[in-house]
Amino acid sequence: MSISEETIEAIRERADIVAVISQYVTLKKRGQGLIGLCPFHSEKTPSFHVLPERRIWKCFGCGAGGSVFQFLMR
């Protein structure tokens with residue numbers, strides 16, 4: 001049984017990406033987004049960015065990124 005794209009998109013829109021990621025990463029406000037230390041590799045300066053309006057995250061250190069689903073799967 002597969003899940004429809006419409007259902008996946010509805011869940012993505014309702015999921016609070018900041019609340020989910022904040023359970024694993026300490027985030028601080030910077031500009032329109034939030035930054036923190038990437039949980040997927042060791043770093044001393046923040047390169048992990050969350051853009052709540054776009055519902056995405058991106059680490060400029062290791063290149064990982066995606067939606068709330070990709071974060072939870074990693």
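Angle, helix 5-14 long axis vs. longest principal axis of the chain, Cα atoms, 0 to 90°, nearest 10?
50
With no solvent and one equal point scatterer placed on each C-alpha of the chain, evaluate the Debye formula and give log10 I(q)/I(0) for q = 0.12, 0.15, 0.22 Å⁻¹, two decimals.
-0.32, -0.49, -0.94
Need the full-extension length gain, Thr45 to Met73, defined as separation in residues times 0.36 nm minus the C-alpha distance. One decimal, nm.
7.7 nm
Grab the beta carbon distance between Glu53 and Ser2, set R0 = 35 Å, and tell me the FRET efficiency rounded to 0.05.
Computed FRET efficiency for Glu53 and Ser2 comes out at 0.75.
Using a simple charge model, +1 on the beta-carbon of Lys and Arg, -1 on the beta-carbon of Asp and Glu, nothing else, what dipole does the chain show about its Cα centre, in debye to the nearest 20?
That gives the chain a dipole magnitude of about 400 debye.
Which of the cysteines found in the chain have nothing to pair with, since no other Cys Cβ lies under 4.7 Å from theirs?
Cys62, each lacking another Cys Cβ under 4.7 Å.
Relative contact order of the chain: what whole-number percent is it, with Cα pairs under 8 angstrom and at least 6 residues apart?
Result for the chain is 24 percent.
Keeping the other protein chains in place, figure out the carbon and sulfur percent of the accessible area of the chain, with a 1.4 Å probe.
Reported share for carbon and sulfur atoms: 53 percent.
Per the helix-only calculation at 222 nm, which mean residue ellipticity applies to the chain, given -39500 (n - 2.57) for every DSSP H run of n ≥ 4 and division by its residues, nearest 500 deg cm²/dmol?
Using -39500 (n - 2.57) per qualifying helix, the result is -7500 deg cm²/dmol.
The values are calculated or read from the model by the stated rules, or taken from the named source; none is laboratory data. All values derive from a computational prediction rather than experimental measurement. With ideal geometry, Cβ positions are generated from the backbone for all residues, glycine too; neighbour counts draw on all protein chains shown. All accessible areas refer to the heavy atoms of the entire protein, side chains included, with ligands and DNA or RNA removed. Shrake-Rupley method; radii C 1.70, N 1.55, O 1.52, S 1.80 Å.
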